[in-house]
1. On a 1.4 Å probe surface of the protein chains, which of B:Y88, B:Y193, B:Y63 comes out largest in accessible area, and what is the full order?
2. If Rh is defined by the Kirkwood formula over all Cα pairs and Rg also comes from Cα, what ratio Rg/Rh do you get for segment A:66-197?
3. Would you mind checking which residues have amide H under 5 Å from B:I147's amide H? H placed 1.01 Å from N; only 5 or more apart, or other chain.
4. Across chain B, how large is the tail of the calculated P(r) beyond 34 Å, expressed as a percent of all Cα pairs?
5. Amide H to amide H, which residues 5 or more places from B:Y265 or on other chains are under 5 Å from it, using H placed in the peptide plane?
6. So, with a 1.4 angstrom probe, what is the percent of accessible area on segment A:57-197 that is carbon and sulfur?
7. Please give the Cα centre distance for segment B:62-114 versus segment B:241-281, rounded to the nearest Å.
8. With a cut-off of 8 Å between alpha carbons and a minimum separation of six or more residues, what is the relative contact order of chain A in percent?
Amino acid sequence: MKKSILVTIIMIFLFTGIGFASTNYYEIGDQTFTFQAGIDKSLFLYFPVTDEFLTGENTKTDLGGYGSISYSSFFTPSLSLGGELGYSFNYSIERKLLTTVPMLAKLNYYLVQNGKFDLTAGVGLGISFTRYDENLFVTPLIQLSLTPSYFITENWGIGVEASFANSYEFYGSNSTKHDDSVITGFMPISLKMSYRH
Amino acid sequence: MKKYSLLIIVLIILVGFVSCNLDSERGIYRSITESSEITSTRVTQALGYEDNMAYFLSDDGIYSKSNSSESIKIVSKTPSILSASFTYDKNDILFLTNTTSNETKVYAYNFTAVNWTERVENEFENTKVIFNNSFFITQDGDNTIKIKFIEDVSNVITSLSSSITTLTKVLTSEDSILVLGENASEDEIAELYSYTSGPSSIAKTSITYKNYIGFEYYTGGGYLLIDDENNVYNNNVDTTYSIEATVTDLYTQQLASFSVNEYVYFKGENYFHPVKSDGTNKELNLGFAKKLQADIVDILPEGNLNTFIVFTRNSGIYKLSGVDPTVDSSGTVVEI
């Protein structure tokens, strides 16, 4: 189950890239600003020390929400690099709030770009500030995303971004919380508004 | 490109160091997976069991619960109730509040008069916390710490002076309190306050400092204490505190320990661990589902021999009876 989720995500990225060929619309130095808001769903929690793999209701979290703002700049006609600042929330079944504030450096590869329609694959790397039940911690975060966008005008576009956010809460073997080390997988899906120039 | 390289290097270094959660006893996501659906009024502090009624503190006040009824005795949204306890004579419940101006006050709820009044006696000034075994702690502006005991609302014993100037941790048991901290010389010390025949017999005993996470009195005149490395000590055996037993699978907080005869039950993640005063230890499932085990807040004596009231955070209150570690009997559990 663990492997199949990962393989599926990688295959989506690979086949999407193979399936399209396009001319370049963007030039080096072009910039994009985006705002997005949507839902956030826990996919899995994996506790490697105790080998527990939890999905669905066993993650004990409800459907939550996600929002972010981001900026990127093209350094080749197909690649842009920038940053994303987000906020997500989920409630546990105990009705306590789990919130995260991800801060990511993000590399975007434009699989399709024809002026009206973009299809972007992104890889984000950064940190996430997570708060639950008065406790705060900071973890590394990796986020993979796929975003089709349609530009209504020359500058403004709308799209949908589906992401896979992967973070780690890690405790060393000397820690009393070693067994609580966990790898998390969340899937934010959001509507995205883009401005480019 | 140079600025991008610098950004990536900084992020990689950050990622290597950032995974930390120093504040909590449990991992964040472990806490979430162990959370339980709220099927009853939430218990934040168990207070006791009197006249077939269980008393507990919840988010919005102090409740009583029996087989057939549940009612709120003291409603408190603002100020919120921080902690509470029966007085020793069981005629009142004292509770500590925090007002909107961040000022703490002590009130007493009287069962006969069925009302509550503010207590403004000097004994209650600068009260930090009230424990569910009638002890409470005050700390004056000059850091003088006093351990006090509530015999009744008009007779607070104040003669329990402490050598501790900086509090680290306070652990409670049925008739006692274990205070960990530093003295004026910044030495780590541990003080055990306990009584055997009523409040007039309260005595202070200095014991060897360990980073204790729980302790409990056992029949036979001593205490079993457990530290954060799961080592169990018997204060009645020697003064060097050699290890009597080591248990596994233990939670880092031991509010829910209780004793049956010469055994003390410490709460583990999957089992309770009955440890005998001579160090013999076992693993024993008390009949609770594993998810309920994580939800247990406290276990207090019911009044009858070897019968206890199990307070869970979100899953109700249960009566546990017939526990006998000598024959590995896990007893019976009935929800009240």
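1. Details: B:Y88 80, B:Y193 0, B:Y63 30 Å².
Result of the area sort, largest leading: B:Y88, B:Y63, B:Y193.
2. Numbers: Rg = 16.9 Å, Rh = 16.1 Å.
That ratio equals 1.05.
3. B:L160, B:S162
4. On the way: 15721 of 56280 pairs.
So the pairs more than 34 Å apart make up 28 percent of the total in chain B.
5. Hits under the 5 Å cutoff: B:F258, B:S259, B:V260, B:V275.
6. Numbers: 3770 of 5720 Å².
Carbon plus sulfur share of accessible area: 66 percent.
7. 32 Å
8. Result for chain A is 22 percent.
The values are calculated or read from the model by the stated rules, or taken from the named source; none is laboratory data. This is a predicted model, so every value here is computed, not measured. Ideal geometry is used to build each Cβ from the backbone, glycine not excepted, and the neighbour counts take in all protein chains shown. For the accessible areas, the whole protein counts, side chains as well, though only heavy atoms, and no ligand, DNA or RNA atoms are used. Shrake-Rupley method; radii C 1.70, N 1.55, O 1.52, S 1.80 Å.
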